[in-house]
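Undergrad: What follows is a structure written as structure tokens; I'll ask about it next.
The values are calculated or read from the model by the stated rules, or taken from the named source; none is laboratory data. Remember, predicted model here, so these are calculated numbers, not experimental data. Every residue, glycine as well, gets a Cβ built from its backbone with ideal geometry; the counts of neighbours run over all protein chains shown. Surface areas here come from the heavy atoms of the whole protein model, side chains and all, with no ligands, DNA or RNA. Shrake-Rupley method; radii C 1.70, N 1.55, O 1.52, S 1.80 Å.
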There are 4 protein chains.
Amino acid sequence: MIKKSTQFRNMLNSDQVEFLMEAHDGISARIVEEAGFSGIWGSGLCISAAMGVRDNNEASWTQVLEVLEFMSDATSIPILLDADTGYGNFNNVRRLVRKLEQRNIAAMCLEDKLFPKTNSFIRGEQQPLADIQEFCGKIAAAKDTQKDPDFSVVARVEALIAGRGLEEAVRRAEAYFEAGADAILMHSKKADANEVLAFMGEWGDTCPVVIVPTTYYSTPTQEFADAGVSMAVWGNHLMRASITAMQETAARVIKEQSVAGIEGEIASVKDIFRLQNADELAEAEKKYLPAYHDVKS
Amino acid sequence: MIKKSTQFRNMLNSDQVEFLMEAHDGISARIVEEAGFSGIWGSGLCISAAMGVRDNNEASWTQVLEVLEFMSDATSIPILLDADTGYGNFNNVRRLVRKLEQRNIAAMCLEDKLFPKTNSFIRGEQQPLADIQEFCGKIAAAKDTQKDPDFSVVARVEALIAGRGLEEAVRRAEAYFEAGADAILMHSKKADANEVLAFMGEWGDTCPVVIVPTTYYSTPTQEFADAGVSMAVWGNHLMRASITAMQETAARVIKEQSVAGIEGEIASVKDIFRLQNADELAEAEKKYLPAYHDVKS
Amino acid sequence: MIKKSTQFRNMLNSDQVEFLMEAHDGISARIVEEAGFSGIWGSGLCISAAMGVRDNNEASWTQVLEVLEFMSDATSIPILLDADTGYGNFNNVRRLVRKLEQRNIAAMCLEDKLFPKTNSFIRGEQQPLADIQEFCGKIAAAKDTQKDPDFSVVARVEALIAGRGLEEAVRRAEAYFEAGADAILMHSKKADANEVLAFMGEWGDTCPVVIVPTTYYSTPTQEFADAGVSMAVWGNHLMRASITAMQETAARVIKEQSVAGIEGEIASVKDIFRLQNADELAEAEKKYLPAYHDVKS
Amino acid sequence: MIKKSTQFRNMLNSDQVEFLMEAHDGISARIVEEAGFSGIWGSGLCISAAMGVRDNNEASWTQVLEVLEFMSDATSIPILLDADTGYGNFNNVRRLVRKLEQRNIAAMCLEDKLFPKTNSFIRGEQQPLADIQEFCGKIAAAKDTQKDPDFSVVARVEALIAGRGLEEAVRRAEAYFEAGADAILMHSKKADANEVLAFMGEWGDTCPVVIVPTTYYSTPTQEFADAGVSMAVWGNHLMRASITAMQETAARVIKEQSVAGIEGEIASVKDIFRLQNADELAEAEKKYLPAYHDVKS
């Protein structure tokens, strides 16, 4: 059994584009693993959305951590946490790293914005960026704190989102890499991949690069591979699929005043039990609670 | 604005069958409300499933409470919490009632089984039932503890699930009603509604009755109305719809190595923002953070 | 039974100096009430110290909230929470107010520093202050959010701590009062009360003033009364008393390899039970669990 | 650096009586370590008392776990958690073991009573004991679950507390040892050590024995050593010392309307900072936040 942090590091360093799929709770994480993905994106947007709060650090960092713990317990593939700004300064980051390692989270991504954050797809160009030196201090503090040498810190550059241009993006990426980042996540909200590919042209193979093609999804994956991208993150798609399914189901049940019509189209209760691993408990009861049936029933 | 507890009580006492739809986190709760339902079932099965744990009290009661708080904060319709056995004895129930009232949860349902519980659809007939007297103590303790007179305690009878027969079901329902229960939830896992309808025949209008037609979903709703049922719970359908949607989406993205194909079929990122009420924050920033754009960008 | 928030407001508006004593967990809060104090200071320093972490927002705001909830549940007198900077921006403050009201916390104090905070007694003069306009936005947001009209927001001015002088202190106090603050907490870390008294001379009775005479403890209380101070906070004294007692007890037990010597000098186990209100449970068991002794023993 | 679990195991197997001192939060745990103790008793009674709730599983097991995590983070010596009944059945115990190992808790003690528990010093003789076979299932499940071979499970026998006599105590101890317990905690609430010493006479060196001489504190420690006891737990003494100190301090401040009189008798604010390890942060700021003083002040 390869450690989750090592699995993630191997993905970063493999010579093909690796994919992470978003999850936001234990069951979506398990579904990501079952589908065959090699890793999970612990999306800040989707975790907050699942809670019903906004992607502005309305939930506390320990509330997010608890969701992560359930996700990690439910799966055997690595999770890259979208850790926003690290929820404060370098000292909060140090504490976060210790807590993530205890929960067996393989890696975290820090973004160079200010706490409390705003989602990058909302007024991104108006959002202030972190001071480079201070952000480098966060990265260095994280790297000095981790006990597992394979825990990864991904530095997320918001310069393109903020409309600061390629030069600033490269300058920041270089500084973060020198501060110890294991990979750079170059974010963009353009409808095409041009600015990300331009960055790749400048960056070469200085260190692994992660992208989040939420808006430039129509770019063929092969273009990312050709440009040398290490990892692509499908950042919110299970949440979005689940919203649509729940909305349609709820609307139909309201209309039909019955669930008979949808019964054949949705997972069975047994599917829920299977995803919860109910059988393992039934087996364990035979071993650890042998008199249960006789004594209690 | 009618209090949530009063809304729930009005539903119990209305002269038509009212429907609760299951939710398991903040966003599913909001979707239930948006779809037009008048109330939410805080399903123990689905809340635990969302976490990736089993419906056997693997999550602590305060972890469940935190999910409930997010659900309640995200909605304005009442929540009936599926509170299992009350997570212990009468004293744990007293504490639970105080915490639920603080979080604006309208009602809770206690079931007459033993802690830690097992889901009723797993070996139900072999599961032991609570001692009647002790269970009545729980109900009385809950009713004596609540401060809001409209908070409701629903007593869930598992006698039919456990194969104890109609007479035992009626005997228990009567005892629980006398102990103070505001309504009886008569559970059944038959493929038809016969045993529930038989109960209704015996019970008449002693007090409101709630049913959970998960297995006997094909019974027309009108039959429940004719029998005098007050409330029907669609106990796990949004979770099941969401599982199927996430499984299909994940499988397709794996296969196509792209999200381009699903982009048009799932909710947009803006839909997520809308469900999170992002606009309200943007408005509030103008009021409370007026210099934000000038100072920071 | 007067609401806690009303009790606190009455204290602010009374014509004598009222005293709050620090507490940091449920039992210290109960001891404060038993001793006869009319209110509790939920000290950020001492709550973090009890946890074993630093007063730099190392604990998340929900971890602090949980301690507050235990403190509030254990007492019937009002708590003024030392809420640091509000744990983020105006939006975090809005969320905090809702959560505090749910937990029956009477009032909160916001300080005009930056998140994550550093304790005022550590390099206070080097600590940056909040932008006045932004801080006023926090106060206004808090006041607009509260549902209970008696919930109080105390604005803590750090200008004297930061060495910015009396004029700046008054300027900030005025701005905060105009933004809606119910009271001003004027902090100082001088060994005498001169600068606080100078402020009182300028301020008059514009609105109630709270002080924390941790360093200028030798000033007779009558001087505060004469100057028109509304409330004095004993900010950390139970924590400090408890540290000394635990250190001395631990050292002695180590030395004597026995607890026989200290047995007569420390509270009895029965005292713990009494502070936990164990008798109430014993009574309740007779009512709600009548068969307990017969059935179970 | 020896692992905490190994430290604890070494204590169990040493040829002298080892002592654990009670702690109930981060700061008391740190004080225990600073005083020179080799291990910490995470007391269920005192942790619940600190919260202001009763020792009847009123706090959830995850709330207790969070306190344990703070205690473990603040110290480098092992913690033996007083885990009550394991907070449910064997399955809850399995989950608990995983969570304790993640938080670096060295060992846990399970008692053979029923959930929710009542403190052994309250109506102990009337409290029901667990079924032996079921309790052995819990022990076996815990041992099969732990990943760290040095994590220890201590089985606490309540037979003497319950007045069941020596024979029952030995019978249970043997069964628990055979089920995998690493040590037996033989509890007694007599004023003398006779029944515990009688047990030691029967038990010999079958496996290590832990005692809690709360009531028979006057027995000289040498008698425990001579009888072959491995470990003695001072189960609640820091909490008791701290209660007395806080009560006396609060009473005096009320009376004197000033803290001037107590100032010299209690720890200084700097002592709090030292126990919080504030200096480490000041050093780290120089390294990771170099521009802080220039930029911000």
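Undergrad: Since residue A:198 meets every condition but one in (1) of a type outside the set (Val, Ile, Thr); (2) free of Cβ contacts under 8 Å to residues at least 60 places away in the same chain; (3) closer than 30 Å to residue B:39 by Cα, which condition does it not meet?
TA: The one condition residue A:198 does not meet is (3).
Undergrad: In this structure, is residue C:291 of a type outside the set (Ser, Thr, Tyr) and at pLDDT 95 or above? Can you show your working first?
TA: Numbers: of a type outside the set (Ser, Thr, Tyr): yes; at pLDDT 95 or above: no.
The answer is no for residue C:291.
Undergrad: Would you be able to say whether some residue in segment D:44-65 is touching a Lys or Arg at 6+ places or on another chain (Cβ under 8 Å), in contact (Cβ under 8 Å) with a residue 24 or more places away in the chain, within 11 Å of chain C (Cβ to nearest Cβ) and crowded, with 24+ Cβ neighbours inside 10 Å?
TA: yes
Undergrad: Taking the criterion of being over 20 Å from residue C:14 (Cα atoms) and either under 22 Å from the mean Cα position of the chain (by Cα) or at pLDDT below 95 (or both), would at least one residue in segment C:266-275 satisfy it?
TA: Kept after step one, since they are over 20 Å from residue C:14 (Cα atoms), are these residues of segment C:266-275: C:266-275.
Retained after the next criterion (residues that are either under 22 Å from the mean Cα position of the chain (by Cα) or at pLDDT below 95 (or both)): C:275.
Within segment C:266-275, one or more residues are over 20 Å from residue C:14 (Cα atoms) and either under 22 Å from the mean Cα position of the chain (by Cα) or at pLDDT below 95 (or both).
Undergrad: Related question: Have a look at D:34, D:22 and point out the one that is more than 20 Å from residue C:282 (Cα to Cα) and open to solvent by 20 Å² or more (accessible area, probe 1.4 Å). Reasoning before the result, please.
TA: On the way: D:22 fails: open to solvent by 20 Å² or more (accessible area, probe 1.4 Å).
None of the others qualify; the one that does is D:34.
Undergrad: Being away from chain C (no Cβ under 14 Å) and modelled with pLDDT of 95 or more is true for just one of D:71, D:11. Which residue is that?
TA: D:11
Undergrad: On to the next question. So is residue A:159 surrounded by 24 or more Cβ atoms within 10 Å (Cβ to Cβ), at negative phi and assigned to a loop (DSSP other than H, G, I, E, B) or not? Step through it out loud before you land on a result.
TA: Working: surrounded by 24 or more Cβ atoms within 10 Å (Cβ to Cβ): no; at negative phi: yes; assigned to a loop (DSSP other than H, G, I, E, B): yes.
No.
Undergrad: Out of segment C:171-218, which residues are over 19 Å from residue C:234 (Cβ atoms) and of a type in the set (Phe, Trp, Tyr)?
TA: Those that are over 19 Å from residue C:234 (Cβ atoms) and of a type in the set (Phe, Trp, Tyr): C:176, C:177, C:199, C:203.
Undergrad: Test of understanding: among A:107, A:141, which residue is in contact with a strand residue (DSSP E or B) (Cβ under 8 Å, 6 or more places away or on another chain) and crowded, with 24+ Cβ neighbours inside 10 Å? Lay out the reasoning, then the answer.
TA: Values: A:141 fails: in contact with a strand residue (DSSP E or B) (Cβ under 8 Å, 6 or more places away or on another chain).
Just one listed residue meets the conditions, A:107.
Undergrad: Return the residues of segment B:82-98 that are open to solvent by less than 10 Å² (accessible area, probe 1.4 Å) and of a type in the set (Phe, Trp, Tyr); say none if nothing qualifies.
TA: Of everything in segment B:82-98, just one residue is open to solvent by less than 10 Å² (accessible area, probe 1.4 Å) and of a type in the set (Phe, Trp, Tyr), namely B:90.
Undergrad: Continuing with the same structure: Somewhere in segment B:232-246, is a residue within 13 Å of chain A (Cβ to nearest Cβ), more than 19 Å from the chain's Cα centre (by Cα) and β-branched (Val, Ile, Thr)?
TA: At the first step, the residues of segment B:232-246 found to be within 13 Å of chain A (Cβ to nearest Cβ) are B:232-246.
Checking which are more than 19 Å from the chain's Cα centre (by Cα) leaves us with B:244-246.
Those still in the list that are β-branched (Val, Ile, Thr) too: B:244.
Yes, segment B:232-246 contains at least one residue that is within 13 Å of chain A (Cβ to nearest Cβ), more than 19 Å from the chain's Cα centre (by Cα) and β-branched (Val, Ile, Thr).
Undergrad: Could you identify the single residue in C:36, C:86 that is more than 24 Å from residue D:59 (Cα to Cα) and free of Cβ contacts under 8 Å to residues at least 12 places away in the same chain?
TA: Numbers: C:86 fails: free of Cβ contacts under 8 Å to residues at least 12 places away in the same chain.
Result of the check over C:36, C:86: C:36.
Undergrad: Go through segment D:247-261 and count every residue that is more than 7 Å from every other protein chain (Cβ to nearest Cβ) and either among the basic types (Lys, Arg) or open to solvent by less than 50 Å² (accessible area, probe 1.4 Å) (or both). Steps first, answer last, please.
TA: Our first condition is that a residue be more than 7 Å from every other protein chain (Cβ to nearest Cβ); within segment D:247-261, this holds for D:248, D:252, D:255-256, D:261.
From what is left, the residues that are either among the basic types (Lys, Arg) or open to solvent by less than 50 Å² (accessible area, probe 1.4 Å) (or both) are D:252, D:255, D:261.
The number of residues fulfilling the criteria is 3.
Undergrad: Now for a different question. Quick one: what pairs do we get from segment B:267-290, first residue within 12 Å of chain C (Cβ to nearest Cβ), second among the basic types (Lys, Arg), C-beta under 8 Å, 6+ apart or different chains?
TA: Cβ pairs passing all conditions: B:277/A:54; B:278/A:54; B:281/A:54; B:282/A:123; B:284/C:94; B:288/C:138.
Undergrad: From (1) open to solvent by less than 40 Å² (accessible area, probe 1.4 Å); (2) touching a residue at least 24 places away in the same chain (Cβ under 8 Å); (3) under 30 Å from residue D:14 (Cα atoms); (4) touching a helix residue (DSSP H, G or I) at 6+ places or on another chain (Cβ under 6 Å), pick out the condition that doesn't hold for residue D:241.
TA: (2)
Undergrad: Continuing with the same structure: Can you report the number of residues in segment D:263-291 which are in contact with a helix residue (DSSP H, G or I) (Cβ under 9 Å, 6 or more places away or on another chain) and within 14 Å of residue A:89 (Cβ to Cβ)?
TA: The total comes to 9.
Undergrad: In this structure, is residue A:101 surrounded by fewer than 24 Cβ atoms within 10 Å (Cβ to Cβ), acidic (Asp, Glu) and under 24 Å from residue D:285 (Cα atoms)?
TA: On the way: surrounded by fewer than 24 Cβ atoms within 10 Å (Cβ to Cβ): yes; acidic (Asp, Glu): yes; under 24 Å from residue D:285 (Cα atoms): yes.
In short, yes.
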